[in-house]
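Colleague: Here you go, one structure.
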Amino acid sequence: MSIRRILVADDEESIRWVLSKALKKKGFSVDLAADGNQALSLFRSNSYDLAILDIKMPGIQGLDLLQQFHSEQPDILVVIMTAESTMENAVAAMKHGAYDYLTKPFDLDALDAIILKAQKAAEVTDQIGQLKCELQEQYSFGRSIIGNSQPMQEVYKDLGRIAPSDVTVLITGESGTGKELVARAVHFNSPRLGKPFIALNCAAIPRELLESELFGHEKGAFTGATERKSGKFEQANGGTLFLDELGDMPLELQAKLLRVLQEKEITRTGGNQVMPVDVRIVAASNQELATMVKEKKFREDLYYRLNVVPIHLPPLRERKEDIEPLVEFFLTRAQGELGVHTRECSQEALALLKRHSWPGNVRELENVIKRATLLSPNQVLMPADFPGLLSSGDIGTQEDSLEALVARKLQNSLAQMDLQDLDNLYEMVLHQVERPLINIILQHTRGNQVRTAEILGINRNTLRKKIKTLDILVKRKD
């Protein structure tokens, strides 16, 4: 936003004339109001970037107009003019949200300085607004959290309901399901957008240091505390604090966390100064906190304080229809991060990915795709590009395992051939598969060609022709 249109409201005609002439000379569009009621009418009929209001006018007073303007258009900049050079008027104007104030009589240089400062402030506001839009777009539920399955649709509905509010959220789900991503989406789609988002993994911090990480400490509070340090609550003030793996927090610290949530104030370790904090809590755990409450490993009162709105993220194995869009998303991301050529995933590879149980959930899938994208020489990813899955014993049915094994062997064999010199690849591969297959079934039936033909699903004459063409030796066993 840049300042283009200005509203001037003053009951003195000479003031209106001087301001209008000076501002129009600098290229601004200017509307004039002789009293507060006219100013409000113009404000509601037009769009203004800046308003210059006299503090005392007939009708609605300047400070009342200021409050009304901000309630209807929070981003408008307002400059208050006053003929009384008193500290009370200046304080009152700024307290009510004025951007600045002018004391009559004023010279035009003072006005120019305020306009220039307001212009820069408007540009910063515009940049912040643009950044907020980009963040909201980046962390919108459909872009940052991928999945169209029914379980994810339920998650989206919950997120849409809670994000604009300020309620405490408890996210549950296995490791790798994307709990921090959901927490960020909640923050960046809430009124706290633009304020800090601070994350703390309670399992990653030694227990003896976790209190200091949360609440900060004073110099000398313990051995090694050589200077004052702010904690995560202070750093997140005005924004959102994400507490991950909350089930690992020791019981004595749970009591202190509960008090902060109730009193909305903290005290640094080793200090006695009480500091108010305004923080939204989003907590997460891959443990069953309800079970831990029953086992006396987690405070019941804290659990209910946190579990205002529960959101459960399903494991990837329960929403396998989301694997394909997730693969496309991770392929695009990996190409950008790694600078590799365009990749896509073959249907055979997708089938393999969908058969895997994904104990590491979405995080595991992302790492598998990134590794395959980096290491594969092929434009199209094949099952052989995922050797860890092929050999994991998690392939599924015998038919699936056979298909995956053939694909891997075929990929390795073809990689050693010059495909440009071949014109009968299909027949060659087909014969190499048919010969061992017929041999195996003949051995199984002890050379009984009638039974072999039945198992293969072909007639006996076709089997005889293939035995002759493929030069298969039949040994009949009694």
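The values are calculated or read from the model by the stated rules, or taken from the named source; none is laboratory data. Everything numeric in this text was worked out from a predicted model, so none of it was measured. With ideal geometry, Cβ positions are generated from the backbone for all residues, glycine too; neighbour counts draw on all protein chains shown.
Colleague: Exactly one condition in (1) in contact with a helix residue (DSSP H, G or I) (Cβ under 7 Å, 6 or more places away or on another chain); (2) modelled with pLDDT of 90 or more is not met by ASN189; state its number.
Modeller: For ASN189, the failing item is (2).
Colleague: To continue, here is another question. Return the residues of the range 1-46 that are closer than 20 Å to ILE114 by Cα, among the small types (Gly, Ala, Ser) and in contact (Cβ under 8 Å) with a residue 24 or more places away in the chain; say none if nothing qualifies.
Modeller: Across the range 1-46, the qualifying residues are SER2, ALA9, ALA22, SER29.
Colleague: Starting from the range 102-117, keep only residues that are closer than 11 Å to ILE15 by Cβ and outside the structural domain of LEU77 (by TED's automatic domain parsing), then list their pairs with residues that are small (Gly, Ala, Ser) and in a helix (DSSP H, G or I) whose Cβ atoms are within a distance under 6 Å, requiring at least 6 positions of separation or different chains.
Modeller: Listed by first residue and then by second, the contacts come to nothing, as the list is empty.
Colleague: Can you go through ALA199, ALA236, ALA203, ALA185 and tell me which one is within 24 Å of GLY270 (Cβ to Cβ) and among the hydrophobic types (A, V, I, L, M, F, W, C)?
Modeller: ALA236 is the lone residue from the list that is within 24 Å of GLY270 (Cβ to Cβ) and among the hydrophobic types (A, V, I, L, M, F, W, C).
Colleague: Right, another one. I need a count of the residues in the range 51-83 that are outside any loop (DSSP other than H, G, I, E, B), of a type outside the set (A, V, I, L, M) and surrounded by fewer than 24 Cβ atoms within 10 Å (Cβ to Cβ).
Modeller: Final tally of qualifying residues: 8.
Colleague: Is it true that ASP423 is outside any helix (DSSP H, G or I), of a type in the set (Asp, Glu) and modelled with pLDDT under 80?
Modeller: yes
Colleague: Another question about this same structure. Regarding the range 323-331, can at least one residue be identified that is among the β-branched types (Val, Ile, Thr) and over 14 Å from GLN379 (Cβ atoms)?
Modeller: Yes, the range 323-331 has at least one match.
Colleague: Check GLY129, GLY97, GLY142 and return the single one that is modelled with pLDDT under 85 and assigned to a loop (DSSP other than H, G, I, E, B).
Modeller: Going through GLY129, GLY97, GLY142 in turn, the sole match is GLY97.
Colleague: Would you check if there is a residue in the range 202-218 being under 12 Å from GLY239 (Cα atoms) and assigned to a loop (DSSP other than H, G, I, E, B)?
Modeller: no
Colleague: Related question: Inside the range 231-304, counting only strands (runs of 3 or more DSSP E) that do not spill past its ends, which hold 3 or more residues that are under 21 Å from LEU159 (Cα atoms)?
Modeller: The strands (runs of 3 or more DSSP E) meeting that bar are 240-244, 280-285.
Colleague: Follow-up question, since we're still on this one. Please verify whether the range 430-443 includes one or more residues that are over 30 Å from LEU313 (Cβ atoms) and either outside any helix (DSSP H, G or I) or modelled with pLDDT under 70 (or both).
Modeller: For the range 430-443, residues over 30 Å from LEU313 (Cβ atoms) and either outside any helix (DSSP H, G or I) or modelled with pLDDT under 70 (or both): absent.
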